[in-house]
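The values are calculated or read from the model by the stated rules, or taken from the named source; none is laboratory data. Everything numeric here is computed off the predicted structure, so don't read it as measured data. Here the Cβ positions follow ideal geometry from the backbone for every residue, glycine too, while neighbour counts run over all protein chains shown.
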Ligand SMILES: Cc1cc2nc3c(=O)[nH]c(=O)nc-3n(C[C@H](O)[C@H](O)[C@H](O)COP(=O)(O)OP(=O)(O)OC[C@H]3O[C@@H](n4cnc5c(N)ncnc54)[C@H](O)[C@@H]3O)c2cc1C
Ligand code: SF4
């Protein structure tokens, strides 16, 4: 199944972002997805916006189902729109990305995005992001779960394309109208 | 508007002071302001920005911030204690803010049946015109297809929502059993109404509708303000003061976020703070003249607390059921409301009559039952995805397995009024202003359990007929409250055993009225808010007669 830019824009609209802003349309990474994690955490990993995006895409690779295409454009459009004008949310996300890189560096001497797919999955597993209770103010795994893993899963499974993978074209969180609940399954 | 720059000083001259900006307070304020009176509304909670609703929806769907965070409930302001045999989760049962609990509610709105008024000092006929007015105010989508509903002459303001695909599966089984299905009146726009959009299917009605298609009372607060009413948010009323004779309320004393305390004087006072905070406020307003609490000569303030209880059965069928597209129901059944013991006969079988010899011999006769056919049975995929411990293809497999075939029925039964179920003050615990918190004493009695058992029986019979594999039951042992706070300042003609008269004015004080389900004498088994709205409009009319 193919994820499209439209899915991303729909998911953005549903999350309250004014769709059509310059950042979304121009993919203005530097403006929209910037942030300074090193200031806050004192850590060494102040990666550039494009690298952060690459890390997010690397996570999407792990948490999204394999039969999905168009992930890159979807994540770019969605993630940028989401953090624009939401300062504290952007900070939370940037911090979580740098936390994840810290783990990758400690265990594998490389940034998360540079790891091969299996190693990426093992890092997320070993840090406990799969079983952690998501919590924006929690520990490392809880924040990675909340700001990164669940952020991506929320975007996907509240969008029509993500919903359709499961069998619901109007998932919760998506304003898909009042026709679909009346319709029977398509055979 | 809610910042520190807001003027929260009292109005110099007010005809009416309303306490609480939920549907009851909003409707009273709107009606009286429209008639040209000076109205001040004091609301404990904040004014939420409509623009933030999508973010609130996200909080509701995504785990991480806790369910109470959606409407900022909890903390010292909302402290309470639950001392009864059954725990009562009070802060899940209310919202404090402009719009009150309707910000969170589900929005199904029925008129009580004629039989529900047997113990009341007013009849269905007395409320009937107010019901029609309330339906127009809230914007109710409904159809005249319920053979058990009380008489009405005006059509609903909007057409009913069409039945769901899931309803059509139930319909086959119900026809074989002789169970009647009919539409549900919804305070939810099936088309554009009163400058609010029609439903667009976010599917998160409870606890938040981002489109505004579900009615919430902030709408009437705005309308009241357009008519000149003044609404002061974050202004919890601490107590009411009365004159020397103890005949009139003179002022509502309220606090502000800046730490100030003000007195709002008015000619008439209307309490619309919900069925828990109204009795609490009266008890907190004790004085030498009213040592047991204001307007409490009867001793009934806080007593006879009732709620409705949920009964449900669910499972899976071997067909797709198409759940969770929308967050509201489209079909229900009132057939067992006036006659919960009746049997039915369909084209192929039926529901057996209640014989008194069920699972419990000699159990009390069940009371009214309302049955619901759910459109949101089983988990929603997005919520499953966010709380699971898998991702990638494994997660998708799990979601596909978990979603698709769920089916469930819900329902409500009522409790009869019992003096020992009550709201009292817990003097050992105080809120953020140093006031004793509400203390709930509440339990579920045997008759209520019998009603739940009967409801489960009917639900199980219908699901069996559908061929469902039943996996869960909510009944007598694990039921929970529906969050309808009734009975705590009950209406009556005898001042020795009731708090307000049939004109919703307290027996004790001549200028103090109550608009709330707290005046219900009995609660039936139907969601209360349309009746609250009708009573609020009636109360507003009586206040006006005195102004
Ligand atoms: C999850 C849920 C689902 C529900 N679904 C339905 C449904 O489908 N149908 C239905 O009919 N009902 C439903 N209800 C119940 C419905 O929400 C209430 O009946 C209704 O909101 C009551 O209206 P009210 O104006 O009396 O009180 P509320 O809406 O509770 O408003 C009271 C207001 O008073 C304010 N207040 C309290 N104390 C003070 C004070 N001391 N000073 C100043 N202000 C104060 C509060 O902050 C609040 O804003 C539901 C409730 C819940 C929780
Ligand atoms: S489904 Fe519910 S939440 Fe969505 S628009 Fe309709 S009323 Fe609002």
Check your understanding: If you go through the stretch B:125-133 one residue at a time, do you hit one that is more than 15 Å from ligand 1 (Cβ to nearest atom), under 21 Å from the mean Cα position of the chain (by Cα) and part of a loop (DSSP other than H, G, I, E, B)?
Key -> no
Revision key, fill the gap. Sole miss for residue A:174 among (1) in a loop (DSSP other than H, G, I, E, B); (2) farther than 21 Å from residue A:5 by Cβ; (3) within 8 Å of another protein chain (Cβ to nearest Cβ) is condition (2)
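Within the stretch B:386-404, track down each residue that is assigned to a helix (DSSP H, G or I) and either crowded, with 16+ Cβ neighbours inside 10 Å or within 7 Å of chain A (Cβ to nearest Cβ) (or both).
Taking the stretch B:386-404 first, the residues assigned to a helix (DSSP H, G or I) are B:386-387, B:392-402.
Answer for the stretch B:386-404, where residues must be assigned to a helix (DSSP H, G or I) and either crowded, with 16+ Cβ neighbours inside 10 Å or within 7 Å of chain A (Cβ to nearest Cβ) (or both): B:386, B:392, B:393, B:395, B:396, B:398, B:399, B:400, B:402.
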Exercise for review: Looking for whichever is crowded, with 20+ Cβ neighbours inside 10 Å, under 30 Å from residue B:181 (Cα atoms), at pLDDT 95 or above and within 14 Å of another protein chain (Cβ to nearest Cβ) here; the options are B:462, B:407, B:458. Which one fits?
Suggested key: B:407
Study note, to complete from the structure: Of the conditions (1) in a loop (DSSP other than H, G, I, E, B); (2) within 16 Å of ligand 2 (Cβ to nearest atom); (3) touching a helix residue (DSSP H, G or I) at 6+ places or on another chain (Cβ under 9 Å), the single one that residue B:205 does not satisfy is (3)
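In the stretch A:134-151, what count of residues is obtained for those that are out of contact with any helix residue (DSSP H, G or I) (no Cβ under 6 Å at 6 or more places or on another chain) and more than 7 Å from chain B (Cβ to nearest Cβ)?
6
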Check your understanding: If you take the residues of the stretch B:91-116 that are part of a helix (DSSP H, G or I) and either in the same structural domain as residue B:327 (by TED's automatic domain parsing) or crowded, with 21+ Cβ neighbours inside 10 Å (or both), which of them is farthest from ligand 1 (Cβ to nearest atom)?
Key -> B:116
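Being farther than 30 Å from residue B:311 by Cβ, assigned to a loop (DSSP other than H, G, I, E, B) and more than 16 Å from the chain's Cα centre (by Cα) is true for just one of B:509, B:537. Which residue is that?
B:509
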Study note, to complete from the structure: When the stretch A:152-166 is checked residue by residue, the ones that are in contact with a helix residue (DSSP H, G or I) (Cβ under 9 Å, 6 or more places away or on another chain) and either more than 7 Å from chain B (Cβ to nearest Cβ) or farther than 24 Å from residue A:61 by Cβ (or both) are A:152, A:155, A:156, A:159, A:160, A:161, A:162
Study note, to complete from the structure: Of those in the stretch B:69-90 that are in contact with a helix residue (DSSP H, G or I) (Cβ under 7 Å, 6 or more places away or on another chain) and crowded, with 17+ Cβ neighbours inside 10 Å, the residue nearest to residue A:141 (Cα to Cα) is B:70
Review point. Looking at B:173, B:160, which one is outside the structural domain of residue B:532 (by TED's automatic domain parsing), within 16 Å of ligand 1 (Cβ to nearest atom) and touching a residue at least 40 places away in the same chain (Cβ under 8 Å)?
Key: B:160
Practice item. Kindly provide the set of residues from the stretch B:206-233 that are surrounded by fewer than 24 Cβ atoms within 10 Å (Cβ to Cβ), within 13 Å of another protein chain (Cβ to nearest Cβ) and within 11 Å of ligand 1 (Cβ to nearest atom), ordered by number. Key: B:206, B:207
